[in-house]
Amino acid sequence: MKQAIQPIYRKGWMAAGMVLLVLLLQSSFRNTSPDEATRTIILQQAARFTTAVKALNTLAHALAAGKSSLAAFKQQLLATRQAWKGIEYMAEYYYPEHVKEYLNGPPLDHLDPYPFDSSSYYGTSAAAYLGTAPLDYLERDHFLGKPAVIAPRGLQVLDEGIFSGELTNPGHIVQLTAELEEKWLIAAQALNKRKYFLPFEVIEAARLQLVRICTLGITGFDTPGSLNIIAETKAGIAALQQVMQPLLQQTTDSLSKKATLYFERTQHFLAQQNDFDTFDRLAFLTNCLNPLYKVLLDIHRQQQLTISSTLSGKTPSWNAYSDNIFASDFLDPYYYSLLQRDKDNEALRALGKQLFYDTRLSNNGQLSCGSCHKPELSFTDGVPKSYAATAGRTVLRNAPSLINAVFADRYFYDLRSFDLEDQAGQVIRNHEEFDTDFPELLKKLQADSSYVTAFARAAGSTTALPALTRYRISSALASYIISLRSFNSPFDQYVRGERKTLPLKVKQGFNLFMGKANCGTCHYPPLFSGLVPPLYRESESEVLGVLEKPGMRKVDEDKGRAGNQVPNEHASIYRHAFKTMSVRNTALTAPYFHNGAYRTLKEVIEFYNNGGAQGIGLSQALPNQTLAADSLHLSLAEQDALLSFLQSLTDSVAIKRFAR
């Protein structure tokens, strides 16, 4: 495991500098409107990154010409990344797609989000059009070409390549830094054109940045090569404190002092941390990030500001009124379903539960959803692969848990379904599962007077009996699945301050999960699944290199995402890729992985510790593995602590509540 790079600046200088900066800002804002002061700060932060990017590109050319050293380039790269942390919160808020594709996306091959055909009837070239605005604002139909797999670019690619020693080609380095500068200037120009950065936008962006720090920052996801999490987190927190100063001037003295105290406490905590492996992530989350997340909400409420979702009229994924990153209402389940909140009710949920356990939904009258999803096992079934409708056969994969399953933008291990309602339909039509169709199912239900009455009750009708439809069946099942939410494990209670103590091994396990063990770079808090923070709108898949059985030197043959029949996803990068599931309640869901071949969590931890298929020498069989092949070098004690943390995510109260 690589050690964290020490900050460029000394701790004492940083602390004194921050105090001086805050005092200067407070005095300079007294005669300036908050909106003007905020805009000035944001554009200054953007300008600092512009200067740093230009310097990095210049140094890359000097390196290529033999006029500078790799060591000098590394130092400038660290400084550039810290400057990026000064404007990341605002750039990500307005231009998340542009940032992901060009500025700071993960270093993995991926499908081009804007494939274009250079031969076009438009009056300008594709390259010229791509330079007119951030990717988020471009018309996607212009110059549309065939999808293609492309290489990643941006700061994460540079960080991983330079500090791992894998990126040595001077020409490639120049290409990456030149494109970084070009694409950043597009975003910088867009920021400069904005006349206002509204207070609610700034607070939302700042709070989302705290989520980003908690999930993508302190885990090392964002710094895969240097692991320079401490210096970068300092820079990010300092930028938020700076941009909040004009708003604090408009806040009550007590709340302003509280916010300042939490910012200073956070910087003081970071000054006491030394390297990546020993960083106390749990203490940082509970003592720094969550209190800051809450106090910024208090400022938002005190100033009676609106939120972006109110203005857009759309259901948001992230709840801007949540007061804790591990709050049960942190995400809005109705963002992920076609079912709207005002159409959901207890009667519909009860109807959905009745359908869930009714074996008459299957063609042979023997299978129900509950056959493969048992509440006492966190809605799994305890066998490697669920039993099929045909005697003696099984379905293709292991049954995943349904608790918190609503929180995804795509469903099934191979991501073939795009909403909960369609997921239910695929099970109903699958010949190995319910082996029927909706017309046949509707006939059965319409012939049952109790179901007709239940559907009418769920629709709020007491006289007329509305027709049964496929949509109403799917909505009832979706309502029940939405109700299967669990955020009250012992670990949740501790992080929210509802439980005063937590076993030491659990604390150690969380810090390992989010650090040295690299679990948190794929299983993002608070869901601990592959739903990508901070807005949690995209479900990730990973190529782990799962074996047919533990100890075998043969990769499981399931094609995964590459065989899901979704257009353009037959690409090689998706071969053997599977959805990253949540590890909440995972102590109840054995056996594990899509093939159910791993019987215990100890076997799963050992698998990751060895680096998957590539880690045991099967690189040729699985060249596209996304799991790092390097051993994690976890000791037996560390593996035991990791297991203790996973067990602390069991919400036994919810499991009892969900019992049939």
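The values are calculated or read from the model by the stated rules, or taken from the named source; none is laboratory data. Since we're looking at a predicted model, the values are computed, not measured. With ideal geometry, Cβ positions are generated from the backbone for all residues, glycine too; neighbour counts draw on all protein chains shown.
List of remarks:
- Count of residues meeting criterion [among the hydroxyl-bearing types (S, T, Y), over 30 Å from G530 (Cβ atoms) and assigned to a helix (DSSP H, G or I)] in segment 168-223: 1
- Test for F49: is it assigned to a helix (DSSP H, G or I) and touching a Leu at 6+ places or on another chain (Cβ under 7 Å): no
- Unique match (being closer than 20 Å to A476 by Cβ, aromatic (F, W, Y) and out of contact with any strand residue (DSSP E or B) (no Cβ under 6 Å at 6 or more places or on another chain)) among F330, F356, F326: F356
- Within segment 605-660, tally of residues that are polar (S, T, N, Q), part of a loop (DSSP other than H, G, I, E, B) and within 30 Å of F379 (Cα to Cα): 4
- Qualifying residue in segment 396-411 (condition: touching a helix residue (DSSP H, G or I) at 6+ places or on another chain (Cβ under 6 Å) and not hydrophobic (A, V, I, L, M, F, W, C)): yes
- Test: residue in segment 564-587 that is farther than 25 Å from F418 by Cα and surrounded by fewer than 20 Cβ atoms within 10 Å (Cβ to Cβ): yes
- Comparison of P550, P534, P526 shows that the only residue that is over 28 Å from D640 (Cβ atoms) and either not in a loop (DSSP other than H, G, I, E, B) or not assigned by TED's automatic domain parsing to the domain that holds K100 (or both) is P534.
- Criterion (among the hydrophobic types (A, V, I, L, M, F, W, C) and surrounded by fewer than 21 Cβ atoms within 10 Å (Cβ to Cβ)) met by exactly one of A478, A456: A456
- Number of residues in segment 390-411 that are surrounded by 19 or more Cβ atoms within 10 Å (Cβ to Cβ) and assigned to a loop (DSSP other than H, G, I, E, B): the value is 13.
- Of all residues in segment 571-590, one or more are assigned to a loop (DSSP other than H, G, I, E, B), within 30 Å of S644 (Cβ to Cβ) and touching a Cys at 6+ places or on another chain (Cβ under 9 Å).
- Looking only at segment 324-349, and only at residues there that are touching a residue at least 12 places away in the same chain (Cβ under 8 Å) and either surrounded by fewer than 17 Cβ atoms within 10 Å (Cβ to Cβ) or in contact with a His (Cβ under 8 Å, 6 or more places away or on another chain) (or both), the one that is nearest to Y471 (Cα to Cα): L338
- Of the residues contained in segment 483-493, none is found to be of a type in the set (K, R), farther than 18 Å from A587 by Cα, outside any helix (DSSP H, G or I) and at pLDDT 95 or above.
- Of the residues contained in segment 550-573, none is found to be modelled with pLDDT of 95 or more and of a type in the set (S, T, Y).
- When K314 is tested against (1) of a type in the set (K, R); (2) in a helix (DSSP H, G or I); (3) surrounded by fewer than 17 Cβ atoms within 10 Å (Cβ to Cβ), exactly one condition is not met: (2).
- Out of E557, E548, sole residue that is out of contact with any strand residue (DSSP E or B) (no Cβ under 8 Å at 6 or more places or on another chain) and surrounded by fewer than 20 Cβ atoms within 10 Å (Cβ to Cβ): E557
- Any hit, segment 523-545, residues being crowded, with 20+ Cβ neighbours inside 10 Å and more than 18 Å from the chain's Cα centre (by Cα): yes
- Candidates P106, P152 - the one that is under 23 Å from R207 (Cα atoms), outside any helix (DSSP H, G or I), of a type outside the set (A, V, I, L, M, F, W, C) and at pLDDT 95 or above: P106
- The condition (being over 29 Å from K554 (Cβ atoms), assigned by TED's automatic domain parsing to the domain that holds L512 and either crowded, with 21+ Cβ neighbours inside 10 Å or out of contact with any helix residue (DSSP H, G or I) (no Cβ under 9 Å at 6 or more places or on another chain) (or both)) is satisfied by just one residue among V604, V653: V653.
- Of all residues in segment 317-350 being small (G, A, S) and assigned to a helix (DSSP H, G or I), the one that is farthest from F200 (Cα to Cα): A350
- All positions within segment 132-151 that are under 28 Å from R194 (Cβ atoms), surrounded by 14 or more Cβ atoms within 10 Å (Cβ to Cβ) and in contact (Cβ under 8 Å) with a residue 40 or more places away in the chain: A133, P134, L135, D136
- R499 falls short on exactly one of the conditions (1) assigned to a loop (DSSP other than H, G, I, E, B); (2) outside the structural domain of S648 (by TED's automatic domain parsing), and that condition is (2).
- Scanning segment 416-432 turns up no residue that is without any contact (Cβ under 8 Å) to a residue 12 or more places away in the chain, over 26 Å from the mean Cα position of the chain (by Cα) and closer than 23 Å to S652 by Cα.
- Output for segment 230-268, where each listed residue is assigned to a helix (DSSP H, G or I), closer than 21 Å to I42 by Cα and hydroxyl-bearing (S, T, Y): T233, S256, T260
- The set of residues in segment 489-522 being under 14 Å from the mean Cα position of the chain (by Cα) and surrounded by fewer than 22 Cβ atoms within 10 Å (Cβ to Cβ) consists of T521, C522.
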